[in-house]
Amino acid sequence: MDRQLTLPKGKQPKNDMFVPGIDEFIEVKTLELANGMTVVPVEVAALKSALVAGQKYYEIGLCKGGACNATKRFADVWDWHERLHEVTAVLSQAEAEEYERRRAEFRGLLEQWGVAVQKELSVGQGIVAQQPLVLPFDMRAYDPFERFEFEREYIERGRDTRALLKKRFGAEILDKPLSQALEQMQQQQQVQGSRWRGGGGMASGVLASPAPATPTPKPAAKPKAKPQAKAKAGYAGLATSDGDPGAASKCLLPPAGGWGFEANHNGPLSCRIGEFLLGEWQRKAAGQKSCLDLANAGCDWTPQMFEAGVLAQVQKLDVQVSDEAYCTAYLDPSTFVDPAGGAATVTVVKARLDPIRDLVKEQLKAVGEYRRPRTPKGQPLGKGWEGGDFLGDKDWFAAGYEYDVGWDVGPAAKNADGLVCQVEGSAHGDVGFDAWIIGGKIPVVAGSVWAEALPGTAEKAGEARFNAHLEMMDQSLFNTDGWKSAQSFGPNQDMGWSVQVPGGIKPRFDVYVGVPVSGQMWGELMFGSTLGLTGSGGAQGCNTSPTFAVGAQYMPFFGAYGLGQVGVGIAGIASAGVRASLTLVMLGLPVDVGMRTKLKDNQPTFNFTSELNLWLATLAGRVSLYVEFFGFDEEFELFRWKGFRTEVSLMPKLTADVSLVGLK
């Protein structure tokens, strides 16, 4: 029963102004002197260090005996409340109210910043959202540990939004003024259309990769200051409006380049938060009482925190005592006490439940790292992996890859007995290869596959939905054109293509040293892919043995080679000489993700399988003699070498069976 008094423990921030991640709002600028030395503003650097130190300041419930010093390390939260009560007992009423005013003002700024970040996330998905009104002095919670979680949520939201914007629009989007960034988003939305379920708006998630289009030449890059530096220029020093009540805030007007994204700490609210923190730090520097002073605990506690965190839970204990008295008075005595020659009801039930609990606990070990946050429907499982890299020199020859794969599964509904009777889930893979040949970028392979089974949402009972596309060299080879309901899509057989880059006449150079000596340099690409999808969704309505299956197999491969030749004569017409070929990279990314329900020992069980490996070969090559004469070309190999080959696991191989009870 949820009747117990839950006491917080762990490493906690010193007060509201030390929420984890708040130091990201402060930028320590550097200045390079004429003699080459680099200097930084000492006061700002000290503030940033203090903000980091205060994020995990109080240790509660992590020490025992003499290790607890009752100043920073406490045996439990009772000791923490007692100590902070003693420290703040000397505060006057005016001092306590002033501390609370500053804390509330800071919380108001952080709440408004969190709403602004949420607005940026919505705009990035092509949805126009109305920014709600946030009351600056709304406490939301008197319990300090609950408030810390609210503040932490804002910081994490900003980081997630920043990562999504970088992934979908490139890292440079964050360095642009907001007006230019929104214009780029709108243009990109018009290019890529909608590939997300439900249609309309901008695609989101891993399906938001732009549809291949003819690249437009970029203007020559001009050195310029980053908008980030401009946006933060308003609070780079210690002269702030908060330190001087008569001065106007430097965050009221945008900098020369315009404001950027709040998620990247380049907006007006980010400026105001930084300005507020610097003003509070200036109080400490001036010898006044400050909430950012690590040696000052007066700003860390109020009596209301004790009431909200502890006393409000006492009624739970009263209800628990009442429930226990009811059970003792009205139930059979043998319910809790073993009678002579027999076993109590509790003993019998426990003997039945313990093996099931141990079985579920053992099965969940295999998928322990894949647990998602619990929902009212039960325990979902899932995980995602993403990454990428490139090899070579992008100004000459290079090749790269990127991937994003993952899966999710969880209960969709429970019956009257609280048992899982419907299951839903999805799997996806998004893989792409790019090549750079003599300074030009070529999108070689771009594809993604999503498969999901949602009971009651498919067009026909027992079917899954799929959304997939595969493009090579700007040509679409396969596309479901949105979400489709079908039992299976067979693998694509168009694989093993090879092209020469640049196409047509190969780049040539000529040198005359008595006789014409000429050469050519070019690249070749080989690529292909296979794609397979299977799945079945559960039927509508509860079932003691729900059916569910979803799988995605996707195996693209890609090879990039650099070739060159030098000979006597006119290259491409009539010449003879030496030709060399070097394997820049040979890549393969086989994705195989699958989940299904099955009966094991007459019990409904989930079976998970997933695997993602990287096949990599590089620096293999050969050298040969060649002769060409007006279209005739003959080649005689002299020698070759193997280079390096390896296989790397990008996603831990998962093979596990989990009882349906484990998802409750």
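Quick notes on this structure:
- Computed over the alpha-carbon atoms, the stretch 321-470 gives an Rg to Rh ratio of 1.28, Rh here being the Kirkwood radius from the mean inverse distance.
- Inter-part distance, the stretch 361-399 to the stretch 20-68, computed on C-alpha centroids, equals 32 Å.
- Label-point gap, in nm, between T30 and V337 - each point 7 angstrom along Cα→Cβ: 7.7 nm
- Once backbone amide H atoms are built at 1.01 Å from N, E424 has G410, A412 as its partners under 5 Å, excluding neighbours fewer than 5 places away on the same chain.
- Scaled radius of gyration (Cα, divided by 2.2 N^0.38 Å) that the stretch 344-431 gives: 1.77
- Using the Cβ-Cβ distance between E172 and R101 with R0 = 51 Å, the FRET efficiency computed as 1/(1 + (r/R0)^6) comes to roughly 0.80.
- Extension gain for the segment N613 to S92, taken as residue separation times 0.36 nm less the Cα-Cα distance, is 181.1 nm to one decimal.
- A viscosity of 0.890 mPa s and a temperature of 25 °C, combined with the Kirkwood radius over C-alpha pairs in the Stokes-Einstein formula, give the stretch 245-340 a diffusion coefficient of 126 µm²/s.
- Between I570 and E634, the FRET efficiency estimated from the beta carbon spacing at R0 = 22 angstrom works out to 0.85.
- The stretch 322-364, Rg to Rh (Cα coordinates; Rh as Kirkwood inverse mean 1/r): 1.16
- Gained length - Y142 relative to R622, 0.36 nm times residue gap less alpha-carbon distance: 165.5 nm
- Amide proton proximity set for L62, modelled H, under 5 Å, gap of 5+: G10, F74
- Taken over the C-alpha atoms, the stretch 1-61 has Rg and Dmax values of 18.5, 70 angstrom.
- Across K48/K167; K414/K598; K119/K664, pairs whose alpha-carbon gap is larger than 30 Å: K119/K664
- Cα gyration tensor of the stretch 380-445 - equivalent ellipsoid semi-axes, whole Å, descending: 44, 9, 4
- Per-pair calculated FRET efficiency, R0 = 25 Å: Q313 and K377 via Cβ, rounded to 0.05: 0.40
Taken together, the values in this text are just the output of simple stated rules run on the coordinates, not laboratory data. Small disclaimer: the values here were computed from a predicted structure and weren't measured. Positions of Cβ are generated from backbone atoms using ideal geometry, with glycine treated the same way; all protein chains shown enter the neighbour counts.
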